[in-house]
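K.L.:
Here you go, one structure.
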Amino acid sequence: MSQAAAKRQKRGVPEGLWQKCPGCQETIYSKTAEERLNVCPLCDHHFYVSARERIVQVLDVGTFEEWDADLKPADPLEFSDKRPYVEKLKSEQKRTGLNDAALTGTGMIRARRVALGVTDSAFFMGSMGSVVGERLTRLVERATEQDLPLIIVSGSGGGARMHEGILSLMQMAKVSAALARYGEAGGLFVSVLTNPTMGGVAASFASLGDVVFAEPRALIGFAGPRTIKATIKIELPKGFQTSEFLLEHGYIDRIVSRDKLKSEIARTIDYCGK
Amino acid sequence: MDAPGPGFEFEQPIYDLHCRLRELDEQSEKTTEVEDEVRGLRREIADLTKQVYSDLSPWQTVQVARHKSRPHTVDYLSLAFDEFVELHGDKHFGDDQAIRTGFAKLDQFKVMIVGHEKGRTYKEKSACYFGCSHPEGYRKAMGKMRMAAKYGLPIICLIDTPGAYPGIGAEERGQAQVIAENMYAMSRLKTLIICVVIGEGGSGGALGIGVGDRVAVLQHAYYSVISPEGCAGIIWKSHEYASKAAEALRFTSDHLKKLGVVDDIIAEPLGGAHRDHHQMASRVKMYLIKTLNELSTIPVDDLLQQRYDKFRRMGVFLESGESAAEATV
């Protein structure tokens, strides 16, 4: 996918009757895409979905109960570049209706209770700062205590959030350590990777699923394609760092299209007897 | 104290004094005046070095942490440890030169060493990609650490990397996966782990061998979520703003301690670790011995609980009605 397409997608599906698909460049009827869970009816390109929408798509109707909604980001570094971090946070909160990049809670998937976390790539590129790290850690800890299957749907172009500096990096260790305890206790973790899942998010919880699913043609990797290109100074191969590339190299279990996600998760839970 | 080489702008005045001192030292006939000047110069050099190094800016700290003469893992291995028996390879793909692993002896302790190595000569540097590890490096590290846990050897991780290598092969072989797996496994390893950031703590590449019971940082080392150049590139679209980014990221040792990310700061000799490898190595050695003695009395289950709690506490956020002021560190 081109950089421009990725950029356009982050803003979400443009409002209006018609929209241009970033995958096939065709003009499509928005309503048809919506009915197909924000997937292009012509080329099967998976558009961005917000965390709230994702929860609706994955859980049984009306079963979601949000956890730790009262956590809010702080500004421990008093980070300021062109605009102070606190101001940027405010405008991201206003724009997305979220107070940080992850929503967590519990709900039912085809009548099976699960612990569910979703990161939203629209909020600071879905990057992980202290709130995302804390919410996910508490989610994993509760899943451990209550012996619930754990589902985390990742979408993050940002990885660890720069504006909270080293504390963001440490969230990777914090969540991973909680997952290690969950794993020891016999928990089942299904990690779902969506476009994009990069950097510190890819290099922590997103890669630690017992089962790892990815949506088709998502960008997934450690280093950003631009960084790699600048380092090795050669063109990157076609399809590099896509879901299909990762499947081929053995890092994900299944590519699952959006309309099948709920049933695939339910089936995995059944197989694992959870 | 070794003379600094030319290079850093902020060290130039010290370097100039050293040049003058050398000139005087080379004079065959030393009059009383010359000897007086030499004495004066030495005092001046010490004072100036102290002055410059007591007030390094974050960007200057990065330059010191990357100094070409800064002691690396191999230097600590030869100066602080009594023996090093290198163990190679990840038994899977290769033997990454950017992470060196093996048995070592330290005082009465037998330990497992895992350390980033940046190389000194051009040949060494290119063999280890300037200290940027590939997935096989992290797999090698994990393999040796698992073995250490099996035989009850304490693990010492020396962190010094600009970051994990960004390349095609690295992605193909699961760079994200191995870093995640290392943190996951290190958090539960049943042996004590001490991590010391000796130079650059470059993001995930550092954290991939950075989960331990104690994390220490050398005074002029840094540990960051992103390189100052990377941060500048994202915000200001130019690497030239690296010094501004270095300021904003709060990654110097004092900040790391304040933020609760590192437990201890190991002081460097006057003028930085690169001035005196022996003294730096002996300070690191003393720290490690003291910490090994302290941690080896703790039962392993308690150790794991404390390790978990230590990382569990990291992060700053607001909770139900707290004001921003309460959350700042």
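The values are calculated or read from the model by the stated rules, or taken from the named source; none is laboratory data. Values in this document were obtained by computation on a predicted structure and should not be read as measured data. As a convention, Cβ positions derive from the backbone with ideal geometry for all residues, glycine included, and neighbour counts pool all protein chains shown. We work out accessible area using only protein heavy atoms, side chains counted, and drop any ligands, DNA or RNA first. Shrake-Rupley method; radii C 1.70, N 1.55, O 1.52, S 1.80 Å.
K.L.:
Among the residues of the range B:250-277, which ones are within 18 Å of A:TYR85 (Cα to Cα) and more than 17 Å from the chain's Cα centre (by Cα)?
P.N.:
B:LEU259
K.L.:
What about A:GLU164, is it crowded, with 24+ Cβ neighbours inside 10 Å, in contact (Cβ under 8 Å) with a residue 60 or more places away in the chain, closer than 23 Å to A:VAL58 by Cα and facing chain B (nearest Cβ under 8 Å)?
P.N.:
Answer is no for this residue.
K.L.:
If I filter the range B:154-172 for residues that are touching a Leu at 6+ places or on another chain (Cβ under 7 Å), in contact (Cβ under 8 Å) with a residue 60 or more places away in the chain and assigned to a loop (DSSP other than H, G, I, E, B), do I get at least one hit?
P.N.:
Within the range B:154-172, one or more residues are touching a Leu at 6+ places or on another chain (Cβ under 7 Å), in contact (Cβ under 8 Å) with a residue 60 or more places away in the chain and assigned to a loop (DSSP other than H, G, I, E, B).
K.L.:
Report yes if B:HIS92 is within 30 Å of B:SER243 (Cα to Cα) and touching a residue at least 40 places away in the same chain (Cβ under 8 Å), otherwise no. Give the steps one after another, and end with the answer.
P.N.:
Numbers: within 30 Å of B:SER243 (Cα to Cα): no; touching a residue at least 40 places away in the same chain (Cβ under 8 Å): yes.
So B:HIS92 does not fit the description; no.
K.L.:
Contact list please: Cβ distance under 7 Å, first residue in the range B:234-245 and touching a residue at least 24 places away in the same chain (Cβ under 8 Å), second residue assigned to a helix (DSSP H, G or I) and open to solvent by 30 Å² or more (accessible area, probe 1.4 Å), pairs at least six apart or on different chains.
P.N.:
B:ALA242/B:TRP59; B:ALA242/B:GLU229; B:SER243/B:TRP59
K.L.:
For residues in the range B:153-173 being closer than 16 Å to A:LEU246 by Cβ and crowded, with 24+ Cβ neighbours inside 10 Å, which is farthest from the other protein chains (Cβ to nearest Cβ)?
P.N.:
B:ALA170
K.L.:
Keeping to the range A:123-154, report how many residues are open to solvent by 10 Å² or more (accessible area, probe 1.4 Å) and not acidic (Asp, Glu).
P.N.:
Residues in the range A:123-154 being open to solvent by 10 Å² or more (accessible area, probe 1.4 Å) and not acidic (Asp, Glu): 7 in total.
K.L.:
Among the residues of the range A:1-51, which ones are modelled with pLDDT under 90, under 22 Å from A:GLY221 (Cβ atoms) and in a helix (DSSP H, G or I)?
P.N.:
A:GLN3, A:ALA4, A:ALA5, A:ALA6, A:LYS7, A:ARG8, A:GLN9, A:LYS10 - these are the residues of the range A:1-51 that are modelled with pLDDT under 90, under 22 Å from A:GLY221 (Cβ atoms) and in a helix (DSSP H, G or I).
K.L.:
In the range A:89-101, what residues are surrounded by fewer than 19 Cβ atoms within 10 Å (Cβ to Cβ) and within 11 Å of chain B (Cβ to nearest Cβ)?
P.N.:
The answer is A:ASN99, and nothing else.
K.L.:
Restricting to the range A:61-79, and then to whatever is farther than 30 Å from B:LEU249 by Cα and surrounded by 17 or more Cβ atoms within 10 Å (Cβ to Cβ), can you tell me which residue is farthest from the other protein chains (Cβ to nearest Cβ)?
P.N.:
Kept after step one, since they are farther than 30 Å from B:LEU249 by Cα, are these residues of the range A:61-79: A:61-67.
Restricting the remaining residues to those that are surrounded by 17 or more Cβ atoms within 10 Å (Cβ to Cβ) gives A:64, A:67.
Numbers: A:PHE64: 20, A:TRP67: 13 Å.
Result: A:PHE64.
K.L.:
Another question, then. Please give the number of the condition A:VAL132 fails out of (1) out of contact with any helix residue (DSSP H, G or I) (no Cβ under 6 Å at 6 or more places or on another chain); (2) under 23 Å from B:PHE251 (Cα atoms); (3) in contact (Cβ under 8 Å) with a residue 60 or more places away in the chain.
P.N.:
In the conditions (1) out of contact with any helix residue (DSSP H, G or I) (no Cβ under 6 Å at 6 or more places or on another chain); (2) under 23 Å from B:PHE251 (Cα atoms); (3) in contact (Cβ under 8 Å) with a residue 60 or more places away in the chain, A:VAL132 misses (3) alone.
K.L.:
Residues of the range B:190-211 being surrounded by 24 or more Cβ atoms within 10 Å (Cβ to Cβ), more than 9 Å from every other protein chain (Cβ to nearest Cβ) and of a type outside the set (D, E, K, R), which ones?
P.N.:
Restricting attention to the range B:190-211, the residues satisfying the condition of being surrounded by 24 or more Cβ atoms within 10 Å (Cβ to Cβ) are B:192-193, B:195-211.
Going one step further and asking which of them are more than 9 Å from every other protein chain (Cβ to nearest Cβ), we end up with B:192-193, B:195-200, B:202, B:205, B:209.
The answer is B:LEU192, B:ILE193, B:CYS195, B:VAL196, B:VAL197, B:ILE198, B:GLY199, B:GLY202, B:GLY205, B:ILE209.
K.L.:
Just checking, which of B:LYS30, B:LYS91, B:LYS68 is assigned to a loop (DSSP other than H, G, I, E, B), in contact with a Gly (Cβ under 7 Å, 6 or more places away or on another chain) and open to solvent by 40 Å² or more (accessible area, probe 1.4 Å)? First the steps, then the outcome.
P.N.:
Details: B:LYS30 fails: in contact with a Gly (Cβ under 7 Å, 6 or more places away or on another chain); B:LYS68 fails: in contact with a Gly (Cβ under 7 Å, 6 or more places away or on another chain).
Being assigned to a loop (DSSP other than H, G, I, E, B), in contact with a Gly (Cβ under 7 Å, 6 or more places away or on another chain) and open to solvent by 40 Å² or more (accessible area, probe 1.4 Å) holds for just one of B:LYS30, B:LYS91, B:LYS68, which is B:LYS91.
K.L.:
Looking at (1) in contact with a helix residue (DSSP H, G or I) (Cβ under 8 Å, 6 or more places away or on another chain); (2) of a type in the set (Asp, Glu); (3) farther than 30 Å from B:TRP236 by Cβ, which one does A:ASP147 not meet, given that it meets all the others?
P.N.:
Of (1) in contact with a helix residue (DSSP H, G or I) (Cβ under 8 Å, 6 or more places away or on another chain); (2) of a type in the set (Asp, Glu); (3) farther than 30 Å from B:TRP236 by Cβ, only one is false for A:ASP147: (1).
K.L.:
Return the residues of the range B:235-256 that are assigned to a loop (DSSP other than H, G, I, E, B) and more than 23 Å from A:MET170 (Cβ to Cβ); say none if nothing qualifies. Quick ask: steps written out before the conclusion?
P.N.:
To start, the set of residues in the range B:235-256 that are assigned to a loop (DSSP other than H, G, I, E, B) comprises B:236-238, B:250-251.
Once the filter is applied, which keeps residues that are assigned to a loop (DSSP other than H, G, I, E, B) and more than 23 Å from A:MET170 (Cβ to Cβ), the range B:235-256 yields B:TRP236, B:LYS237, B:SER238.
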